[in-house]
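**Student:** For reference, the structure I am asking about is given below.
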Amino acid sequence: MGVASLVLGIISIVIGVFSTGSLGWLGAILGVIGIIIGIQGKKVPDQASFAQAGFICSIIGTVLCLLTFIACAACVGCLALIA
């Protein structure tokens, strides 16, 4: 569980950094799933450190993806007002 949370968190960070905003929702969904799995993984003592790292990465990835998605939507909205 901890490793899965870490992988999902890293993927959501990568999507948040390198996406143009259109994939922001996908990264946010993966981040939320990573948060849930990270919380469940903290209950297993052997995987607690991976789960904690995955939990933190998933939170960062979710916030980053949502910010890029909102920024992209705002840019498209502003372009629609100008044209």
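Read the figures in this text as sums done on the coordinates, not as results from a lab. These figures come from a predicted structure and were not determined experimentally. Virtual Cβ from ideal backbone geometry, glycine too; neighbours counted across all protein chains shown.
**Student:** Quickly rank 10-17, 45-52 as a protection proxy: mean count of other C-beta atoms within 10 Å, highest first. Don't skip to the answer; put the middle values down first.
**Tutor:** Working: 10-17: 20.2, 45-52: 15.4.
Descending mean neighbour count gives 10-17, 45-52.
**Student:** Quick check on the chain: helices-only [θ] at 222 nm, where DSSP H runs of length 4 and up contribute -39,500 (n - 2.57) each and the sum goes over total residues. Nearest 500, please.
**Tutor:** Numbers: 3 runs with 70 residues, N = 83.
Value at 222 nm, helices only, nearest 500: -29500 deg cm²/dmol.
**Student:** Ranking Cys78, Cys72 by Cβ neighbours within 10 Å, fewest first, what do you get? It would help to have the intermediate numbers written out before the result.
**Tutor:** On the way: Cys78 10, Cys72 16.
Going from sparsest to densest Cβ surroundings: Cys78, Cys72.
**Student:** Find, to one decimal place in angstroms, the Kirkwood hydrodynamic radius of segment 2-82, where the mean of 1/r is taken over every pair of different Cα atoms and then inverted. List each step's numbers first, then the result.
**Tutor:** Numbers: mean 1/r = 0.0800 Å⁻¹.
Evaluated over segment 2-82, this radius sits at 12.5 Å.
**Student:** Counting only C-alpha contacts under 8 Å and six or more residues apart, can you give the relative contact order of segment 2-82 as a whole percent? Numbers along the way, then the final one.
**Tutor:** Working: 159 pairs, mean separation 35.8, N = 81.
After rounding, I find 44 percent.
**Student:** Give the calculated FRET efficiency between Trp25 and Asp46 to the nearest 0.05, with a Förster radius of 41 Å applied to their Cβ-Cβ distance. Intermediate values should be presented prior to the final figure.
**Tutor:** Numbers: r = 33 Å, r/R0 = 0.81.
Efficiency, rounded to the nearest 0.05: 0.80.
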